[in-house]
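J.: Sending over a structure as structure tokens; questions will come in a sec.
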Amino acid sequence: MATTKKKPAAKILVGILTGSPNDLPTVVKVRDTLTELGIASEIVVASAHRTPDKVTDYIARAHKEDVHVLIGCAGMAAHLAGVIAGHTRLPVIGLPLSGGVVSGLDALLSTVQMPPGVPVATVAVDGAKNAAMLAARILALKFPEINQALENAAIKERARYEQTADEALAKLIKK
């Protein structure tokens with residue numbers, strides 16, 4: 001009887017925490033972009049307000065498992081990225097999410113207005129791709145293969161702009 005070996009899981013380099021399961025449709029875009037770049041990540045639903053112990057337990061686990069970058073995704077009061085930053089020296093990226101009565105402006109301001117000594121790199125409201133790309137750029141300082149993946153992604157993105165307007169419209173119409 002033949003046995004099949006499972007490929008070992010890739011080492012998680014980016015931990016993505018989100019404050020609510022409702023945020024997952026935006027948050028999975030972070031994971032998907034990282035996956036496209038060959039970067040292993042995981043998503044954990046953990047609220048700064050409702051499950052603060054889960055947040056700190058994850059941060060402790062991330063340190064033990066040598067996770068390199070943490071991304072905190074939250075809407076409204078959006079304290080998650082700041083709470084993460086207060087419990088680690090790892091790079092923390094804040095992804096403010098839209099929603100609430102001011103469409104994410106509250107989340108943006110909560111994420112970007114950190115006290116001195118508790119930095120959070122903040123991307124645009126719902127800027128999932130930029131959160132992933134920033135994490136990748138941080139990792140590229142240590143991992144040459146990620147630097148190459150970023151270069152390949154940039155070349156691919158630039159190629160989209162090398163086409164004529166008519167070619168681009170034809171592709172849009174086919175969709």
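J.: Please pull out the direction-averaged projected area of the stretch 77-175, using the convex hull of its alpha-carbon atoms, in nm² to one decimal place.
T.: Average of the hull's projected areas for the stretch 77-175 equals 9.0 nm².
J.: In debye, nearest 20: dipole of the stretch 87-175 around its Cα centre with unit charges on the Cβ of K, R (+) and D, E (-)?
T.: So the dipole magnitude of the stretch 87-175 works out to roughly 160 debye.
J.: Related question: Kirkwood Rh and Cα-based Rg: tell me the resulting Rg over Rh for the stretch 1-147, rounded to two decimals.
T.: 1.00
J.: Right, something else. Put +1 on the Cβ of every Lys and Arg and -1 on every Asp and Glu Cβ in the stretch 4-153; which of 143, 84, 130 then has its Cα farthest towards the positive end of the dipole?
T.: Final value for the positive-end residue is 143.
J.: What is the extension gain from residue 77 to residue 89, computed as 0.36 nm multiplied by their sequence separation minus the C-alpha to C-alpha distance, in nm to one decimal?
T.: Result for the pair: 2.1 nm of gain on full extension.
J.: Now, a different point. What is the extension gain from residue 156 to residue 28, computed as 0.36 nm multiplied by their sequence separation minus the C-alpha to C-alpha distance, in nm to one decimal? Don't jump to the answer; show the numbers that get you there.
T.: Numbers: separation 128, 0.36 × 128 = 46.08 nm, distance 2.16 nm.
Here the segment from residue 156 to residue 28 would lengthen by 43.9 nm.
J.: Give, rounded to the nearest 20 debye, the magnitude of the charge dipole that the chain has about its Cα centre when Lys and Arg contribute +1 at Cβ and Asp and Glu contribute -1 at Cβ.
T.: Values: 20 positive and 16 negative charges, 98 e Å.
Here the size comes out at about 460 debye.
J.: Oh, and also: Helix-derived [θ] at 222 nm for the chain: sum -39500 (n - 2.57) over DSSP H runs of at least 4, divide by residue count, nearest 500?
T.: The helix contribution divided over the chain gives -14000 deg cm²/dmol.
J.: Where is the GNM fluctuation largest for the chain (alpha-carbon springs, 10 angstrom cutoff): 99, 117, 72?
T.: 117
J.: Still on this model: Filter 54/142; 11/156; 64/142; 11/54 down to the pairs with a C-alpha to C-alpha distance above 23 Å, please.
T.: Check vs 23 Å cut-off fails for 54/142; 11/156.
J.: Which of the peptides 46-57, 158-169 is most tightly packed, and how do the rest follow, going by the mean number of other Cβ atoms within 10 Å of each residue?
T.: Final packing ranking: 46-57, 158-169.
J.: Using 0.36 nm per residue, how much length does the chain from residue 63 to residue 10 gain when fully extended, once their Cα-Cα distance is taken away?
T.: Numbers: separation 53, 0.36 × 53 = 19.08 nm, distance 1.66 nm.
Using 0.36 nm per residue and subtracting the Cα-Cα distance, I get 17.4 nm.
J.: Hey, which aspartates and glutamates would be in cross-link range of residue 129, C-alpha to C-alpha under 20 Å, not counting anything within fewer than 8 residues on its own chain?
T.: Correct list for residue 129: 23, 32, 36, 42, 145, 151, 157.
Every number in this text was worked out from the coordinates using simple rules, so none of it is lab data. This one's a predicted model, so the numbers in the text were calculated from it and none came from an experiment. Backbone-built Cβ (ideal geometry, glycine too); neighbour counts: all protein chains shown.
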